[in-house]
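**Student:** One structure coming up, written as structure tokens, with questions to follow.
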Amino acid sequence: MIWTLFRYKWKRIMKQPALFLSIMFFPFLFIGFFLFFIAQTIDESTDKIHVAIVDEDQTFETKTLANQLQAEDALSEVLRMKSLDEEQAKQELAANKITAVIYIPEGFTADLRTGINTPIQVTTNNQNLFSSSMVRLLLNSGAQYISAAQSGINTLYDLYIQDLPPEEDPQSMLQQMIVNYTLFALNRNDLFETEQVESGAHIGWENHGVIAFLLTSILISALFLQIFTHRESSQGLEDRMRTLGSTSFTFMWSQYMYYAGFLFVNVSILNGVVFVLTDLDWLLHGLTLITWLIVSLITALFLCFLEWYLANQTTRTNIFLLLVSAGLLISGVWIPVIYLPDWIEQILSISPFHHIYQAFAGMINFGENPFDHWGYLLAGWLVFTVVLMTGIWRREQKNGYISFPFK
């Protein structure tokens with residue numbers, strides 16, 4: 001009887017190819033277009049940031065500093081600097097033509113040579129918070145190199161220059177070292193030591209994105225499947241099915257098989273599509289398909305669980321979205337764990353989404369068999385199955401549909 005109801009449900013949706021394809025591919029396409037839009041927006045928002053330099057000191061060192069900032073490789077990738085006088089800089093900042101102004105005050109070099117720390121003033125335009133924050137970040141990083149040079153000067157002075165006899169003119173040597181060390185920092189032509197690492201996503205950002213993309217797509221498909229195909233059976237049809245020996249167990253398991261079968265077919269097809277687009281070998285690994293099968297079984301059970309305990313579709317949808325969104329957000333699926341608050345690490349072990357992600361991560365990084373994560377997921381599946389079966393049995397016993405005794 002379960003198999004008969006399963007085939008009936010499957011044939012019914014296959015007779016509606018538009019609905020079938022919409023449920024299967026709409027989440028995939030929707031998320032894809034959304035990510036493409038975000039990527040385009042980011043690309044458009046990362047045009048070079050215009051910054052003005054106002055040099056009121058006009059010494060050799062400050063001119064070198066201004067020229068070096070304009071020629072610095074890392075800064076030139078995101079900043080476009082130009083020298084202006086103070087009045088022009090104020091006008092362009094007010095007109096929102098530039099994002100920031102770097103003021104080098106008069107007497108800056110003289111103060112530097114006498115050990116006085118006179119800060120370079122940076123004024124930013126708060127109308128563009130993103131660009132202003134980036135300017136501060138970049139210039140702070142550059143300032144760290146100059147600070148390092150100053151530390152070297154102080155060390156050299158303490159250990160060597162101050163003990164020189166007067167005839168060797170220690171003050172003149174100190175001035176020379178200040179110029180040499182400062183120019184050394186500026187002439188690096190690379191204020192930032194960059195290294196491409198997979199920070200936050202140890203499996204690589206592409207792999208991380210594919211896992212998040214596929215998992216989100218299959219969960220949205222599951223929600224659509226329940227919304228558009230679930231129909232409350234009429235009391236007459238249910239009574240007729242019961243005369244043939246059907247119980248709530250029959251209805252539930254047939255629905256469960258229908259959900260699980262559809263979701264596994266769905267994710268398998270999407271998995272193949274993503275493989276064609278990305279050529280990631282792990283997508284066609286047998287362990288990957290087993291993991292997706294377990295995901296389908298758990299998601300199908302969750303849908304049945306909601307249907308059994310919540311009669312209202314709107315309530316089911318809201319709870320599904322709330323739990324799934326929260327789970328994906330705090331489990332390192334949407335956002336790598338390294339960027340999340342520390343307290344979240346304390347609850348990751350009980351999150352099924354985290355175990356799904358780690359199952360894929362272990363396969364990708366080390367070729368590991370994710371048996372531990374599968375075991376946790378299947379244990380959770382078993383617990384919820386027992387809870388669901390217990391609820392169904394109690395209602396069946398209450399309604400008098402069970403004809404054999406339970407001790």
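**Student:** Taking 7 Å along the Cα-to-C-beta vector as the label spot, tell me the Leu19-Asp169 distance in nanometres, rounded to one decimal.
**Tutor:** It works out to 9.4 nm between the two label points.
**Student:** Also: Rounded to the nearest whole Å², what accessible area per residue is found for segment 271-407 with the 1.4 Å probe?
**Tutor:** In whole numbers, segment 271-407 has 55 Å² accessible per residue.
**Student:** Of all accessible surface on segment 330-381 at a 1.4 Å probe, what whole percent is carbon and sulfur?
**Tutor:** 64
**Student:** How large is ³J(HN,Hα) for each residue in segment 382-390, as worked out from phi by the Karplus curve 6.51 cos²θ - 1.76 cosθ + 1.60 (θ = phi - 60°), to whole Hz, x for Gly and Pro?
**Tutor:** Each residue's phi maps through the Karplus curve to give 5, 4, 5, 5, 5, 4, 5, 5, 5 Hz.
**Student:** Which FRET efficiency value, to the nearest 0.05, do you get for Ser325 and Phe30 by plugging their Cβ-Cβ distance into 1/(1 + (r/R0)^6) with R0 = 22 Å?
**Tutor:** FRET efficiency, Ser325 to Phe30: 0.90.
**Student:** Here's another thing I want to ask about it. Using amide H atoms built 1.01 Å from N in the peptide plane, name the residues 5+ places from Val122, or on other chains, whose amide H lies under 5 Å from its own.
**Tutor:** Tyr103
**Student:** Once you have the Cα-Cα distance between Ala94 and His285, take 0.36 nm times their residue separation minus that, and quote the gain in nm to one decimal.
**Tutor:** Result for the pair: 62.9 nm of gain on full extension.
**Student:** Show me, for segment 263-276, the HN-Hα J-couplings you get by feeding each phi into the Karplus relation (A = 6.51, B = -1.76, C = 1.60, θ = phi - 60°), rounded to Hz, glycine and proline as x.
**Tutor:** With the stated coefficients, segment 263-276 comes to 5, 5, 4, 4, 5, 5, 5, 4, 4, x, 4, 5, 4, 4 Hz.
**Student:** How would you classify segment 262-350 from its alpha-carbon gyration tensor, with a ≥ b ≥ c the square roots of the eigenvalues: rounded for a/c under 1.5, else prolate if a/b is greater than b/c, otherwise oblate?
**Tutor:** It comes out oblate by the Cα gyration axes.
**Student:** For Asn312 paired with Phe60, estimate the spin-label separation in nm (one decimal), with each label point 7 Å from Cα along the Cα-to-Cβ line.
**Tutor:** Label-label distance for Asn312 and Phe60, simple model: 8.0 nm.
**Student:** For Leu79, enumerate residues with amide H under 5 Å from its amide H, sequence gap 5+ or separate chain, H modeled in the peptide plane.
**Tutor:** Under 5 Å from the amide H of Leu79 lie the amide H atoms of Ile49, each far enough along the sequence or on another chain.
The values are calculated or read from the model by the stated rules, or taken from the named source; none is laboratory data. Given the structure is predicted, the values throughout are model-derived calculations rather than measurements. Note: ideal-geometry Cβ built from the backbone for every residue, glycine included; neighbour counts use all protein chains shown. Ligands, DNA and RNA are excluded from the accessible area calculation, which covers all protein heavy atoms including side chains. Shrake-Rupley method; radii C 1.70, N 1.55, O 1.52, S 1.80 Å.
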